1. Is at least one residue of the range B:5-20 touching a helix residue (DSSP H, G or I) at 6+ places or on another chain (Cβ under 7 Å), farther than 30 Å from D:M39 by Cα and open to solvent by 10 Å² or more (accessible area, probe 1.4 Å)?
2. Does D:S56 fit the bill of being within 14 Å of chain A (Cβ to nearest Cβ) and touching a Gly at 6+ places or on another chain (Cβ under 8 Å)?
3. Restricting the search to the range B:80-118, which residues are of a type in the set (V, I, T) and at pLDDT 95 or above?
4. Given the condition modelled with pLDDT of 95 or more, closer than 30 Å to D:E50 by Cβ and touching a Phe, Trp or Tyr at 6+ places or on another chain (Cβ under 8 Å), answer yes or no: does some residue in the range B:34-50 qualify?
5. How about the range A:1-17: which of its residues are modelled with pLDDT of 95 or more and part of a loop (DSSP other than H, G, I, E, B)?
6. Looking at the range B:97-128, which of its residues are among the aromatic types (F, W, Y) and closer than 24 Å to B:R29 by Cα?
7. Counting only residues that are more than 15 Å from D:Y14 (Cβ to Cβ) and more than 8 Å from every other protein chain (Cβ to nearest Cβ), how many does the range B:8-18 have?
8. Pick out, from the range A:42-142, the helices (runs of 4 or more DSSP H) lying fully within it that include 1 or more residues that are on the phi < 0 side of the Ramachandran plot, loosely packed, with under 15 Cβ neighbours inside 10 Å and in contact (Cβ under 8 Å) with a residue 24 or more places away in the chain.
4 protein chains.
Amino acid sequence: MKKEFIYKHLVQYYETDKMAISHHSNYIRWMEEARTDFMNQIGWDFVKIEETGVMSPVVSLSCKYKNTTTFSDVVEIHTRVKEISGVRLALEYEMYKQDGTLAFTGTSEHCFVNKEGKIVRVKRDFPELFETLSMLSKDNED
Amino acid sequence: MKKEFIYKHLVQYYETDKMAISHHSNYIRWMEEARTDFMNQIGWDFVKIEETGVMSPVVSLSCKYKNTTTFSDVVEIHTRVKEISGVRLALEYEMYKQDGTLAFTGTSEHCFVNKEGKIVRVKRDFPELFETLSMLSKDNED
Amino acid sequence: MKKEFIYKHLVQYYETDKMAISHHSNYIRWMEEARTDFMNQIGWDFVKIEETGVMSPVVSLSCKYKNTTTFSDVVEIHTRVKEISGVRLALEYEMYKQDGTLAFTGTSEHCFVNKEGKIVRVKRDFPELFETLSMLSKDNED
Amino acid sequence: MKKEFIYKHLVQYYETDKMAISHHSNYIRWMEEARTDFMNQIGWDFVKIEETGVMSPVVSLSCKYKNTTTFSDVVEIHTRVKEISGVRLALEYEMYKQDGTLAFTGTSEHCFVNKEGKIVRVKRDFPELFETLSMLSKDNED
């Protein structure tokens with residue numbers, strides 16, 4: 001089973017700053033774009049999840065900026081499941097420039113909450129999603 | 001009665017683009033900042049309005065970019081009521097640099113809708129707000 | 001010759017606001033995305049233009065918000081040349097939702113300046129670009 | 001000598017998302033706002049630094065989201081120097097809501113580069129800045 005998911009982002013003019021590079025805050029947004037696309041690819045889009053009244057806020061982030069990107073670059077984002085526990089999902093991302101240079105690595109951690117803000121146990125309440133994410137996680141290397 | 005309301009915005013690094021100027025899309029956001037501040041100043045903050053279940057989407061915008069601004073500029077935004085009708089509010093904005101140069105002029109038009117997306121008649125449903133806005137409007141020059 | 005250029009934007013989570021719709025400032029950014037793509041399609045990408053030392057700031061904008069869009073909507077943006085003169089380019093945009101509903105119409109006006117901030121006469125300095133844009137302009141209907 | 005610097009950010013409507021909270025990417029931008037303000041407070045504003053041809057890109061970030069914030073919240077950001085070495089500066093941030101709740105903690109790491117993209121040694125090339133930052137660093141507790 002495929003364990004790495006690829007998404008491409010075309011850097012926009014409005015994402016550059018006066019250093020003439022992509023502003024560092026945009027990589028956080030591209031992580032979200034890649035995450036949304038990843039969830040679509042595994043059949044669990046956020047629209048469907050939010051319709052059940054469940055939202056998935058970010059709990060933590062860590063980012064390393066390795067090389068700059070800029071306007072009109074196509075950034076290729078590789079997403080993997082780092083870890084899934086009963087209540088938390090961790091994803092990791094690598095972003096590459098067209099020439100193969102590594103531009104960025106990052107990790108995001110998420111929980112799931114219901115409309116009242118209470119923690120949702122993925123394992124119990126979304127067993128199929130939990131199963132899929134477990135199979136994709138790095139811990140579960142064949 | 002004061003008819004012009006002043007708000008100051010400090011241009012941030014993340015608001016610049018690779019031309020080393022403030023990206024033009026940010027002025028739309030600064031109009032919103034000034035509008036929020038204006039509503040606070042007249043005693044009708046949006047938090048209070050939204051608590052009644054009423055939201056105020058933008059219906060139209062027009063903008064003229066006269067001079068550039070950039071990182072660390074303090075932009076002084078002057079807001080006035082251009083027009084208030086039973087269902088629509090139009091505001092106009094002038095943005096100045098510290099040296100007094102006019103950088104931007106713009107207009108925004110707003111309606112008011114309830115949770116079901118139905119148009120709210122300000123004149124009927126918020127008569128005090130309507131009264132205040134009417135007194136502030138340019139049509140009502142003394 | 002084709003006179004209308006189509007670009008698609010997938011609305012991101014970070015582009016929504018607490019009304020649960022796409023924040024109005026993002027349409028300005030999508031106009032820029034469509035404009036960039038349009039310039040690529042006619043063979044004059046901004047990277048190439050900026051390499052000659054010429055930049056193209058926005059002079060004016062006008063926007064009408066007809067219907068809301070939200071997270072995961074695919075917005076189809078139709079771009080046309082409204083007018084090209086010796087020194088100014090005006091483009092117009094229509095944005096449609098997947099179901100064909102018109103969500104937004106807008107116009108942007110641009111000039112061209114060199115590194116010193118001086119106006120560049122497109123007709124004189126970029127005659128081929130001027131020729132292409134003229135042929136695409138609405139004034140030049142067959 | 002004061003070791004903690006305080007900056008306040010008023011959360012804007014355009015910074016919220018469809019969960020009705022501040023989108024997580026904005027905290028990265030508020031870290032930058034607080035950093036800019038901190039540099040001003042110690043007498044080394046980025047405008048002055050960039051005039052010497054030196055820029056300060058972000059090398060890494062780490063963030064923990066503890067509590068949500070939303071439109072019209074005043075977020076109080078406390079900034080401290082975590083570490084300064086010959087070539088790197090690490091800052092840490094705590095963000096509080098008006099009621100004193102901790103909303104966010106984060107760290108950012110920066111290097112300094114010249115126009116050619118070469119690393120600038122702060123200790124050697126900006127000895128006074130290095131001295132100031134060293135005195136402010138946590139390692140240098142009295």
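1. Yes - at least one qualifying residue is present in the range B:5-20.
2. Criteria not met by D:S56.
3. Of all residues in the range B:80-118, those of a type in the set (V, I, T) come to B:81, B:84, B:87, B:101, B:105, B:107, B:113.
Correct list: B:V81, B:I84, B:T101, B:T105, B:T107.
4. Yes; the residues of the range B:34-50 include at least one that is modelled with pLDDT of 95 or more, closer than 30 Å to D:E50 by Cβ and touching a Phe, Trp or Tyr at 6+ places or on another chain (Cβ under 8 Å).
5. Our first condition is that a residue be modelled with pLDDT of 95 or more; within the range A:1-17, this holds for A:5-17.
Passing the criteria: A:V11, A:Q12, A:D17.
6. Step one: filter the range B:97-128 for residues among the aromatic types (F, W, Y), giving B:104, B:112, B:126.
Within the range B:97-128, B:F104, B:F112 qualify.
7. The initial filter retains those residues of the range B:8-18 that are more than 15 Å from D:Y14 (Cβ to Cβ), namely B:8, B:10-11, B:13, B:16-18.
Filter once more, so that each one left must be more than 8 Å from every other protein chain (Cβ to nearest Cβ): B:8, B:10-11.
Final tally of qualifying residues: 3.
8. Numbers: elements: A:46-51, A:122-125, A:127-136.
Result: A:122-125, A:127-136.
The values are calculated or read from the model by the stated rules, or taken from the named source; none is laboratory data. Since we're looking at a predicted model, the values are computed, not measured. With ideal geometry, Cβ positions are generated from the backbone for all residues, glycine too; neighbour counts draw on all protein chains shown. Side chains are part of the model used for accessible areas, which takes the heavy atoms of the whole protein and leaves out ligands, DNA and RNA. Shrake-Rupley method; radii C 1.70, N 1.55, O 1.52, S 1.80 Å.
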